[in-house]
Amino acid sequence: MPPDSRRSIGAGSGGTSRDPALAPPSGQRPRRSALLLTIVVAIVVPPLLVTNALRVLATETFVRAELSRDGFPDDPYGLPVDARERLALVGLRSIEPRSEGIVLLERERLPDGTRAFGERELAHMADVRSVFVMVLVGQLVVLAILVVLGLALARTGLRTVLPRGLLAGSLVTLGIAVLAVPFMLLGFDRFFTRFHEVFFEGDSWRFSTRDMLIRLYPEQLWQDVSILAAALTVGQAVVVGLLSWWWLRTLRRREG
């Protein structure tokens, strides 16, 4: 057998050579990676912005302002204003990550000496605390990942991934707001029910109007929280979108 034939057969049987026609086109993998990362960043933007809004509203300043504003309903069973505010603030502190938790609620007593919160209320607030802490911690983890991602890609061909993702996420947030806000305003009861069904099991979140949680945090408070959270989220989306557009434009000019 001629030497050339042996080399040809050896190359074919060894499996080490590849047909160039079967190789992926140059630049296809980076483009796919960029698209995937952009989509992931865009997906996490809306919940990040909503969580920022909740951080602003889950404060003693907001609770005091809400309970004392004109038009806010009084307690139907005559709980004094100062006692109502104090219990509402204790309820807020009980769900904060670094507080003593539900123990704070277990200690509370009404002016007549009876327990302020029943067992079902304590159990629900324990669930609320778990969800709230999980959301806050999750937000910090995602933000840290985005920072690391931005630094890692800053000097690569994928440097535009983060601003693209932030811009796309801002637009997604505004689109969700356009769809969700009318539903929230026109059918708040249904919106409120769906929200609780997502995060809590069964009827553990349903209470009588005589229960302290309803007396401290009536439906009017949650309507106001929803409206303000939506407004804050939309405002953030606009700001993040404009900054991302400017960032992306700056990168393109440098590349050009």
Most positive-pole-ward Cα, 199, 174, 209, against dipole of region 112-256 from beta carbon charges
174
Residue 59 and residue 82 label points (each 7 Å along its Cα→Cβ direction) are spaced in nm at 2.6 nm
Note the full-extension length gain between residue 130 and residue 179 as 0.36 nm times their separation in residues minus their Cα-Cα distance, in nm to one decimal.
14.8 nm
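Using alpha carbons only, what's the Rg to Rh ratio of region 129-181 with Rh from Kirkwood? Intermediate values should be presented prior to the final figure.
Working: Rg = 14.4 Å, Rh = 13.0 Å.
Computed over Cα atoms, the ratio is 1.11.
Using a 10 Å cut-off on Cβ atoms, rank the peptides 177-187, 203-213 from the highest mean neighbour count down. Numbers along the way, then the final one.
Working: 177-187: 13.0, 203-213: 14.5.
So the order, starting with the most tightly packed, is 203-213, 177-187.
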Which residue, 251, 40, 102, has the largest displacement toward the positive end of the dipole of the chain when charges sit on each Cβ (Lys, Arg +1; Asp, Glu -1)?
251
Could you work out how far apart the two model spin labels at residue 40 and residue 219 are, taking each label as a point 7 Å from the Cα in the direction of the beta carbon, and quote it in nm?
4.3 nm
Given a Förster distance of 25 Å, report the FRET efficiency between residue 31 and residue 154 from their Cβ-Cβ distance, rounded to the nearest 0.05.
0.85
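Okay, helix-only estimate at 222 nm for the chain: each DSSP H run of n ≥ 4 adds -39500 (n - 2.57), divide by all residues, round to 500 deg cm²/dmol; what do you get?
Estimated from H runs of four or more residues: -24500 deg cm²/dmol.
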Rg to Rh ratio, the chain, alpha-carbon atoms and Kirkwood radius?
1.22
If the chain between residue 193 and residue 255 were fully extended at 0.36 nm per residue, the gain over the current Cα-Cα distance would be 17.3 nm
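Bear in mind these aren't lab numbers, they're just calculated from the coordinates by the rules spelled out. Predicted, not measured: the structure shown is a model, and the values here were computed from it. A quick note on method: Cβ atoms are made from the backbone with ideal geometry, for glycine too, and the neighbour counts reach across all protein chains shown.
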